[in-house]
Amino acid sequence: MKFQRSDFPEDFLFGVATSSYQIEGHGFGGAGRTHWDDFAATPGNVVRAEHGAVACDHYHRYEADLDLIKAAGFDCYRFSTSWARVMPDGKTANPEGLDFYDRLTDAMLERGLKPCATLYHWELPSTLADQGGWRNGDIAKWFGDYTETIMGRIGDRMYSVAPINEPWCVAWLSHFLGHHAPGLRDIRATARAMHHVLLAHGTAIQAMRGLGMTNLGAVFNFEWADPADQSPDAAEKAALYDGIYNRWFLGGVFNGAYPDNVLAGLEPHLPKGWQDDFATITTPVDWCGLNYYTRKLIAPAPSDPWPSLTEVEGPLPKTFMDWEIYPEGLYKFLKRTRDDYTGDLPLFVTENGMAAPDTLANGRCDDPDRIDFIDDHIVQVQRAIADGVPVQGYFLWSLLDNYEWALGYEKRFGLVHVDFETLERTPKSSYHALKQALRALT
Ligand code: GCO
């Protein structure tokens with residue numbers, strides 16, 4: 001790596017991120033069926049119809065996985081708790097599930113790792129999907145109850161907690177684009193999910209405040225939107241994409257308002273009295289997390305209904321996800337988030353990383369592109385810090401190769417290679433490089 005720990009402020013945190021359904025093995029420990037199991041069981045939704053029943057078997061191998069995090073010199077582990085493991089029917093607690101997260105928490109603390117929890121990384125219990133899932137406004141209350149159940153058990157030992165990973169994915173990607181569970185393509189469902197996901201966020205923050213918890217945040221994913229050409233129409237559509245993807249969620253949580261250009265399309269479909277919910281949605285948080293991977297070039301699609309826009313292929317080098325590599329976008333988001341929304345609030349890069357078709361050869365896995373990717377994005381974090389943006393940590397996505405949702409197991413994001421036949425773990429060269437960089441001080 002081109003950086004070392006000593007290039008950062010002393011209390012800057014480095015971590016890795018994972019999520020429950022992507023690594024644990026949802027077939028174990030009495031976890032309930034999720035809408036991802038239903039989505040994957042429907043032909044055409046997921047590559048080779050792959051699902052998370054075994055995944056990386058982290059459920060049984062978590063101690064060895066935490067050893068890997070510790071040995072690399074990371075400070076934090078950003079993990080998630082599965083709603084359907086904790087409450088298989090969405091409402092009744094599963095003692096085995098609570099015990100698992102209790103063991104996992106203690107195993108982190110034994111290793112001196114800071115537990116950074118996310119409460120929802122997309123494991124909606126199927127029973128709640130049956131009741132409309134994110135379309136149903138009652139989900140905020142259901143989610144609040146789940147929050148109290150899981151945090152009532154492990155909340156006393158968390159370093160930080162965020163309720164919901166990537167509200168845009170929960171709402172737009174899953175209800176408008178139909179790429180993720182529940183696979184809907186319905187504008188009314190989308191509008192409701194866009195709003196209810198933030199209402200659930202605020203409700204969970206209030207529930208955790210009620211438990212006396214601190215260091216609570218929100219985690220958003222952002223994509224930089226550039227117009228595909230110089231035309232005013234393309235500029236307007238890029239601004240709309242930015243509104244839908246980025247500003248809706250930041251605006252809701254930090255300013256108590258949604259962007260006008262997005263309301264123009266969604267307002268007719270929002271639930272009655274939606275404005276009243278901002279009192280809950282804007283419940284203060286202690287930090288803001290940014291997940292950042294890429295940018296998009298946006299062009300008008302005049303023959304489509306609202307939002308009448310489309311993505312066009314960009315010229316930059318791409319990852320195995322076909323995502324353009326655009327490190328500067330990370331700097332731009334850190335700066336803009338501070339300037340327009342969060343002010344002095346600490347910011348964390350809660351996810352950044354890339355997929356590659358990594359293979360094992362002679363027991364080694366070389367991933368030089370990932371090393372460059374990380375270096376190039378770290379430079380942008382340093383640029384933001386130099387500009388006075390209060391960035392306090394950086395988390396890699398991900399520790400392990402894992403279940404990349406609709407793309408199944410072939411898009412490898414890990415610092416550690418996983419053989420999905422034997423489940424053997426092999427640290428890649430990026431893991432070893434980071435270990436060097438993070439150890440430099442000690
Ligand atoms: C997300 C999620 C992860 C993904 C990762 C790569 O950002 O979509 O947090 O679950 O695996 O981002 O797509």
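Worth a mention:
- Some residue of the stretch 200-207 being open to solvent by 40 Å² or more (accessible area, probe 1.4 Å) and either touching a residue at least 12 places away in the same chain (Cβ under 8 Å) or basic (Lys, Arg) (or both): yes
- Some residue of the stretch 272-295 being over 30 Å from Ile139 (Cα atoms), open to solvent by 10 Å² or more (accessible area, probe 1.4 Å) and touching a residue at least 12 places away in the same chain (Cβ under 8 Å): yes
- Among the candidates His26, His35, His58, residue that is within 16 Å of the ligand (Cβ to nearest atom), in contact with a Pro (Cβ under 6 Å, 6 or more places away or on another chain) and either without any contact (Cβ under 8 Å) to a residue 60 or more places away in the chain or closer than 18 Å to Arg85 by Cα (or both): His35
- Tally, over the stretch 181-197, of residues that are on the phi < 0 side of the Ramachandran plot and open to solvent by 20 Å² or more (accessible area, probe 1.4 Å): 7
- Within the stretch 373-442, strands (runs of 3 or more DSSP E) holding 2 or more residues that are in contact (Cβ under 8 Å) with a residue 24 or more places away in the chain, under 16 Å from the mean Cα position of the chain (by Cα) and buried (at least 16 other Cβ atoms within 10 Å of the Cβ): 391-397
- Residue list for the stretch 357-372, filter: surrounded by fewer than 18 Cβ atoms within 10 Å (Cβ to Cβ) and among the β-branched types (Val, Ile, Thr): Thr359
- Answer from Asp260, Asp322 - the residue that is more than 30 Å from Ala207 (Cβ to Cβ) and more than 23 Å from the chain's Cα centre (by Cα): Asp260
The values are calculated or read from the model by the stated rules, or taken from the named source; none is laboratory data. Small disclaimer: the values here were computed from a predicted structure and weren't measured. In this analysis, Cβ positions are derived from the backbone assuming ideal geometry, glycine residues included, and neighbour counts consider all displayed protein chains. For the accessible areas, the whole protein counts, side chains as well, though only heavy atoms, and no ligand, DNA or RNA atoms are used. Shrake-Rupley method; radii C 1.70, N 1.55, O 1.52, S 1.80 Å.
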